[in-house]
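Here's the structure, in structure tokens; my notes come after.
The values are calculated or read from the model by the stated rules, or taken from the named source; none is laboratory data. Because the structure is predicted, anything quoted here is derived from the model rather than measured. Note that each Cβ is placed from the backbone with ideal geometry, even for glycine, and that neighbours are counted across all protein chains shown. Only protein heavy atoms, including side chains, enter the accessible area calculation; ligands, DNA and RNA are left aside. Shrake-Rupley method; radii C 1.70, N 1.55, O 1.52, S 1.80 Å.
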Amino acid sequence: MNKRRFLRLSTLSAASLASCGKPPADPKAPLRFGHFPNITHVQGLVAHQLSRQGKGWFEPRLGVPVEWFVYNAGPSATEAIFARALDVTYIGPSPALNAYAKSKGTELRILAGAATGGNALVVRPAASIATPADFKGKRIATPQLGNTQDVQLRAWLSDNGLKVTQTGGDATVLPTQNPDQLALFLKGEIDAVWTVEPWVSRLELEAGGKVFVDDNDTLVTVLASSTAFVTQRPELAKKLLAAHAELTTWIKEHPAEARELIKAELKELTTKAPGDPLLDRSLPRVVLTPDVSRAALDHMVDSAKKAGFLHDIPSLDALLPRL
């Protein structure tokens, strides 16, 4: 995928994506696979780069072609799933849960975990933030309204006694695409950012940012799919789960090879390969795991309710299908 297509897909609305057609019924139809240009999506970065090199990871294990799509954050990917333009994606749990709730439990399924950690609240030193109370009156960026870090920030502010709304409150939360956060941070136009790797490390290394909250435990990435994919192509879904778990293990056992693939893919998507200091800092913060627990999802539901995004959500029983 070229960079022009990445930018176009990241901004398409669900309505315009609907023209891309219905889910394929052909068992040999390509698997339409999404991920973000983030280090918390390690499996997606590695597999996408292997596809570019003609050494596809998923293709031989699934027996179908893979078409890759790249998004800035979760809400854009779930719009594509709603529009029947995407089958599976690496995504944060919050937009996955929001899509599940929005569709009353009918349109999205979580197949596996992918990663925990790799996200943090970073503050600008000149903003003079030393305690949670100091965030009052400050401007804080997140990658996208309703994405996992946006929900984490709003819930954290609420837990610390600050009331925020989508348009204001005690602090102002500004959904801002990751590539734009660094420039605004350097200019002093935002005081803090809650984001993911490699952007956390870039804020530290390139803008002197300081980590205020280092979130090592939260489930940050899952492997999710449309419900249609699970129901119409169940055997392929089983193969996908096995291939995802195998890929996760391979990355852990081959860190040097995986690192080079990550570097190459990020260069394709952002025009610049990350330097070794950036990778040295960011990669250890991301813990890869194919496991996903109901307790982790329940915690995210509670956070989303605090943030004002989930007022009513169906039982999560159908969200985790048995394959």
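Applying both filters, DSSP loop and at most 11 other Cβ atoms within 10 Å, to the trypsin sites (Lys or Arg not before Pro) of the stretch 237-286 gives Lys272.
Accessible area per residue for the chain is 41 Å², calculated with a 1.4 Å probe on protein heavy atoms, without ligands, DNA or RNA. Is the stretch 96-199 best put as rounded, prolate or oblate by its Cα gyration tensor, with a ≥ b ≥ c the root eigenvalues, rounded for a/c under 1.5, and otherwise prolate when a/b is larger than b/c, oblate when not? Prolate shape, in that a/c is at least 1.5 and a/b is the bigger ratio. Legend: residue pairs Lys239/Lys267; Lys104/Lys239; Lys163/Lys306; Lys239/Lys263; Lys136/Lys163, Cα-Cα distance threshold 18 Å; pairs beyond threshold, Lys239/Lys267; Lys104/Lys239; Lys239/Lys263. In this structure the amide hydrogen of Leu108, modeled in the peptide plane, comes within under 5 Å of the amide hydrogens of Thr227, none closer than 5 places in sequence on its chain. Entry note, the stretch 27-150: relative contact order of 28 percent, from Cα contacts under 8 Å with a spacing of 6+ residues.
The simple spin-label model puts a point 7 Å past each Cα toward its Cβ; for Glu235 and Thr249 those points are separated by 2.3 nm. Using C-alpha pairs under 8 Å with a sequence gap of at least 6, the mean separation divided by the residue count of the stretch 73-138 gives a relative contact order of 21 percent.
Calculated on the Cα set of the stretch 151-217, radius of gyration then Dmax: 12.2, 31 Å. When +1 charges are put on Lys and Arg Cβ atoms and -1 charges on Asp and Glu Cβ atoms, the dipole computed for the stretch 264-323 relative to its Cα centre reaches about 120 debye. A DSSP coil position with no more than 16 other Cβ atoms inside 10 Å describes the following trypsin sites (Lys or Arg not before Pro) in the stretch 84-136: Lys104, Lys136.
Placing unit charges on each Cβ (+1 for Lys and Arg, -1 for Asp and Glu) gives the chain a dipole about its Cα centre, and among Val123, Phe185, Gln232 the Cα reaching farthest toward its positive end belongs to Gln232. Using only side-chain charges placed at the Cβ, +1 for Lys and Arg and -1 for Asp and Glu, the dipole size of the stretch 121-220 relative to its Cα centre rounds to 340 debye. Share of carbon and sulfur in the accessible area of the stretch 114-242 stands at 49%, probe radius 1.4 Å.
Close amide-amide hydrogen proximity is noted between Thr176 and Thr142, Gln144, each under 5 Å apart and 5 or more residues distant or on a separate chain (H modeled in the peptide plane; Pro and chain starts excluded). The orientation-averaged projected area of the convex hull spanned by the Cα atoms of the stretch 45-106 comes to 4.8 nm². Per q in 0.13, 0.15 Å⁻¹, report the Debye log10 I(q)/I(0) for the stretch 17-120, using one uniform scatterer on each alpha carbon and no solvent. The Cα Debye sum returns log10 ratios of -0.48, -0.64. Taking one quarter of the surface of the C-alpha convex hull of the chain gives a mean projected area of 15.0 nm². Based on the Kirkwood approach, the hydrodynamic radius assigned to the stretch 178-323 is 18.2 Å, with every pair of different Cα atoms included.
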